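I have placed the structure first, in the form of structure tokens, so that the comments after it can refer back to it.
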Amino acid sequence: MRTDSSPGNLPAREHLPAGNAGTPVLDVVIPVYNEEKDLQPCVLRLHEHLARTFPYAFRITIADNASTDTTPQVAARLEAEIPEVKSFRLEQKGRGRALRTVWSASDAPILAYMDVDLSTDLNALLPLVAPLISGHSDLAIGSRLSRSSRVVRGAKREFISRTYNLILRGSLQARFSDAQCGFKAIRRDVAQVLLPLVEDSGWFFDTEMLVLAERAGLRIHEVPVDWVDDPDSTVHIVKTATDDLKGVWRVGRALATGSLSLDRLARPFGDDPRDRELDDVPKGLARQLVGFCVVGGLSTLFYLLLYSGFRSFTGSQLANALALLVSAIANTAANRRLTFGVRGRGGAVRHQAQGLVVFGIGLALTSGSLAALNAATSSPAHSTELAVLIAANLAATVLRFLLFRAWVFPDRRDADAESTVVASHAPSSPTYATALPHHQGQHQGQHQYQGQYQGQGQYQGQGQHPGQYQYQYQGQIQGQHPPLPQRPAAPGAPYDTAQFRAGEAADRTWGDSTMQMQAVRPHDHDPRNAR
């Protein structure tokens, strides 16, 4: 369940059309630096494989990273001889810079890249891009660390690769298995929004792109690959590892402070099946319970450690209050992000304030338990105090989850359904201009609706939000409605008719009149959104 209200900038994923004449579906970029010997065999082999096996139009783009040998001449000759080959020259080094530049300028809907040594078997290329073509995934990566991968390389590179990926899992909570395999693909609509967020222009470019995509909730598809190490690789391992660790620190700090606008990578409301309202199916309850239990278990251990530390120099009540306060702040922050999926800084202060109220309830339970224990015995053992506190915390944990779910982090869609409705009425034309500040939690702005108004009866109508969705509304209007007083529209208002708040005219002459509207979800009536 997503509790943020941002509609995002990404469209819904769709299967690419089978016939797309004139535009390549796949653009494979080969970044090179001083590869005059390997470039031609690589391009010829890749072109032969794609022409023989790939069912769509394709392009091979050579991205020259400021080579100082004859690599530019080799690339120009290949471009002249093979129609599907293009070359691009950059005056600065950096694999990330080359990929960002070429991908940003490409018109192909699927963008990929691979290393010039072709260490990865090309039979994995079609499985790599197929999930992107079908609309199933946003990014795809080749993995050398998958159980079904077949890899031939030395022990040194194997150790470095696995250690680096363990660092990513431990520091950035990355779930993908192989960050640095030179065999990746991305949808162009995703790249247009994701690449401006990626700062690195070197070898860490891949890792940063994947971490941000994963944190934003994009789907990353992994393909097991057959991979043979290139003994003549010119990669400087020590410098690359140092730059990667610096990048891990930078990205981790940005994620911790919330300075990245990952909400722009969100899909439109309704594209995620978790957005759908299904009868008898709690929205995200199972996932929230698991996340809450994990966070709660870690918070309890953190609390007990704090309590033991504070108890060494202060009384039990003060130690309990201090430990519970610190752990409550950490617990609220962790549940906000991990359990209830709230991203960004919006509402963080309010959530912490509400979390402190929940903390007060937990404090009352635990403090009351300690008071009861001290009343029963004058000098209880430390182990007895901990046992009583654990039992009290279990009771407080159940209540905390219920309050978090229903009050602190509620489903914003339910709250936004009660949006204020503002309508305009003209006697000669039954047209209603309705402003829905947060329709279903996602759509903002002015919406124009056409309908019929029949005195004291039914209102039915439909409308369209330009360029995106169509809506249908139905409801009831009760009460006697005399002609509305004419008032000048607000400066800059998009309509010329006078506006009124439903059920309450500005001069209070309408009495107790109400208008009830219920939105029909777009995918309930659009067969294209059946999924």
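The values are calculated or read from the model by the stated rules, or taken from the named source; none is laboratory data. Owing to the predicted nature of the structure, the values given are computational and were not obtained by experimental measurement. Here the Cβ is made from the backbone with ideal geometry for all residues, glycine too, and neighbour counts use every protein chain on show. The area values use the complete protein model at the heavy-atom level, side chains included, leaving out ligands, DNA and RNA. Shrake-Rupley method; radii C 1.70, N 1.55, O 1.52, S 1.80 Å.
Tabulated values for the structure
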quantity: Selection from the range 301-347 of residues that are surrounded by 14 or more Cβ atoms within 10 Å (Cβ to Cβ), free of Cβ contacts under 8 Å to residues at least 24 places away in the same chain and not in a helix (DSSP H, G or I); calculated: GLY347
quantity: The range 71-104 - residue that is of a type in the set (Gly, Ala, Ser) and closer than 11 Å to VAL29 by Cα and, of those, most open to solvent (accessible area, probe 1.4 Å); calculated: SER87
quantity: Matching option when the condition is open to solvent by less than 10 Å² (accessible area, probe 1.4 Å), at pLDDT 90 or above and within 26 Å of ALA66 (Cβ to Cβ), among ALA185, ALA179, ALA213, ALA140; calculated: ALA185
quantity: Which listed residue, of ILE133, ILE167, is at negative phi, surrounded by fewer than 20 Cβ atoms within 10 Å (Cβ to Cβ) and not basic (Lys, Arg); calculated: ILE167
quantity: Residue tally, condition within 21 Å of LEU305 (Cα to Cα), more than 44 Å from the chain's Cα centre (by Cα) and of a type in the set (A, V, I, L, M, F, W, C), over the range 372-401; calculated: 2
quantity: Test: residue in the range 348-355 that is touching a residue at least 12 places away in the same chain (Cβ under 8 Å) and exposed (fewer than 14 other Cβ atoms within 10 Å of the Cβ); calculated: no
quantity: Residues within the range 85-138 that are in a helix (DSSP H, G or I) and of a type outside the set (Val, Ile, Thr), tallied; calculated: 19
quantity: Residue within the range 110-120 that is touching a residue at least 40 places away in the same chain (Cβ under 8 Å), in contact with a Pro (Cβ under 6 Å, 6 or more places away or on another chain) and either closer than 19 Å to HIS221 by Cβ or not β-branched (Val, Ile, Thr) (or both) present; calculated: no
quantity: Identity of the residue in the range 330-352, within 20 Å of LEU402 (Cβ to Cβ) and among the β-branched types (Val, Ile, Thr), that ends up farthest from the chain's Cα centre (by Cα); calculated: THR332
quantity: Any chance ALA51 is more than 21 Å from VAL102 (Cα to Cα), open to solvent by 40 Å² or more (accessible area, probe 1.4 Å) and not acidic (Asp, Glu); calculated: yes
quantity: Per-region count, the range 223-254, residues modelled with pLDDT of 80 or more, surrounded by fewer than 18 Cβ atoms within 10 Å (Cβ to Cβ) and part of a helix (DSSP H, G or I); calculated: 9
quantity: Residue match in the range 105-124 (condition: open to solvent by 20 Å² or more (accessible area, probe 1.4 Å), modelled with pLDDT under 90 and under 25 Å from the mean Cα position of the chain (by Cα)); calculated: no
quantity: Condition check for THR68: at pLDDT 90 or above and buried (at least 17 other Cβ atoms within 10 Å of the Cβ); calculated: no
